[in-house]
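Report on the following structure.
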Amino acid sequence: FDPSGHRKQSKAEAKEILAEATELLAEYQMRLAAQDTYGVVMVLQAMDAAGKDGTIRHVMSGVNPQGVQVSSFKVPSSEDLNHDYLWRYARKLPERGNIGIFNRSYYEEVLVVRVHPQILAAQKIPAKLKDRGIWNRRFREINDWEHYLTDQGYRFVKLFLNVSKEEQRYRFLSRIDDGDKNWKFSANDSKERAYWDDYQKAFSEILSRTSTPWAPWYVILADDKPFARVAAAGVLAHTLIDIDPRYPAVSKEARDALQVQKAALEAEAPAGAAPDPYAAALAEKAAEKAAEKAGGKKADKAEKAEKAGKKGKKA
Ligand code: ATP
Ligand code: MG
């Protein structure tokens, strides 16, 4: 896969599409929360400086923060290492109705752990289980776990932000040259870059072994940031549209009960106040809209007439 070989889209165009997409995501996230049945897990994997953080920031910019939890997974703690390897990820699964974002994930367990054998050596699993078959077993375990969770009503959005080696070099240099970005750069980043080929190999095996019908991978070209964000938003939107969450229907009895409450509140109106000021405001708004529409139609007609007139003159 070549992360740089794609059409450059205009920045303004990408921004516009992203704005529309975030609006749609906000609406769907509200419905997801109201329905309170499905949960979404968005998994982000990438080489350093591929833009995971920026993608999360932009894609989720319109969504209610209460419905989204971002979990960043770094080097495991000693408490993590005292458990099975999926333990710390299971603890961060979102509640139903929520979107959980995994900024790095259990895929590091078949990625960085594979690239650096000393990490596996330090894991507290029995020595005889650290045999060569371990990666095949982990692929199977990860697929099974995702399958189990899918059967539980979770949906996975797995994104690999695929940055090219040359673009990573450019972004590292920008983090060194630009003082405000220095904090983003660590010497460890260069160290990992030296293992580029090993990472690519591990990634390619992850993609072919763990892209399943229930939890497919999406490879996103990441050299062009606006494009990558639009693509990420698109995949998430696609998943939410597929879930098609609905606001729960209110029963006839519940609606009747609401009318009783309404009557009680209306009876409380102070002297001179409208019994239901909200209904009055609603009616006013509707009237305004209707007037606008009528005005718009007139304007349309005028415009058409003008165009027709121009055409007439030309002819
Ligand atoms: P940023 O640099 O933008 O803050 P990051 O995700 O790169 O984000 P770092 O603190 O730089 O965060 O790096 C986290 C490191 O932890 C990565 O090198 C990653 O490979 C490593 N890591 C993540 N999960 C595991 C794991 N299960 N075992 C060992 N190392 C891991
Ligand atoms: Mg880093």
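The values are calculated or read from the model by the stated rules, or taken from the named source; none is laboratory data. These figures come from a predicted structure and were not determined experimentally. Cβ sites come from the backbone with ideal geometry, for glycine too, and all protein chains shown count toward neighbours. The accessibility values were calculated without ligands, DNA or RNA, using every heavy atom of the protein model including side chains. Shrake-Rupley method; radii C 1.70, N 1.55, O 1.52, S 1.80 Å.
Observations, loosely collected:
- Of all residues making up the range 203-223, the number that are acidic (D, E) and buried (at least 21 other Cβ atoms within 10 Å of the Cβ): 1
- Of the listed requirements (1) over 30 Å from K15 (Cβ atoms); (2) open to solvent by less than 50 Å² (accessible area, probe 1.4 Å), G97 misses just one: (1).
- With a requirement of 3 or more residues that are within 16 Å of ligand 2 (Cβ to nearest atom), the strands (runs of 3 or more DSSP E) lying completely within the range 18-108 that satisfy it span 39-46, 68-72.
- The set of residues in the range 38-82 that are within 12 Å of ligand 1 (Cβ to nearest atom) and without any contact (Cβ under 8 Å) to a residue 12 or more places away in the chain comprises R57, V75, S77, D80.
- Taken over the range 159-178, the residue count meeting the criterion of being in a strand (DSSP E or B) and among the polar types (S, T, N, Q) is 1.
- From S186, S204, residue being at pLDDT below 95 and over 28 Å from Y38 (Cβ atoms): S186
- Pick from the range 115-130, criterion within 10 Å of ligand 1 (Cβ to nearest atom) and not polar (S, T, N, Q), ranking: surrounded by the most Cβ atoms within 10 Å (Cβ to Cβ): V115
- Some residue of the range 247-269 being in contact (Cβ under 8 Å) with a residue 60 or more places away in the chain, exposed (fewer than 11 other Cβ atoms within 10 Å of the Cβ) and not in a helix (DSSP H, G or I): yes
- Of the residues examined, Y154 is not one that is over 30 Å from Y38 (Cβ atoms) and touching a residue at least 40 places away in the same chain (Cβ under 8 Å).
- Applying the set (1) outside any helix (DSSP H, G or I); (2) more than 16 Å from ligand 2 (Cβ to nearest atom); (3) of a type in the set (A, V, I, L, M) to I142 leaves exactly one unmet item: (1).
- Listed by first and then second residue, the pairs with beta-carbon distance under 9 Å, at least 6 apart or on different chains, first residue in the range 177-193 and open to solvent by 70 Å² or more (accessible area, probe 1.4 Å), second more than 7 Å from ligand 1 (Cβ to nearest atom) and not in a helix (DSSP H, G or I), are K184/A49.
- When the range 198-228 is filtered for residues that are within 16 Å of ligand 1 (Cβ to nearest atom) and either among the charged types (D, E, K, R) or touching a residue at least 12 places away in the same chain (Cβ under 8 Å) (or both), the ones remaining, listed by number, are D198, Y199, K201, A202, F203, I206, T210, A222, K225, A228.
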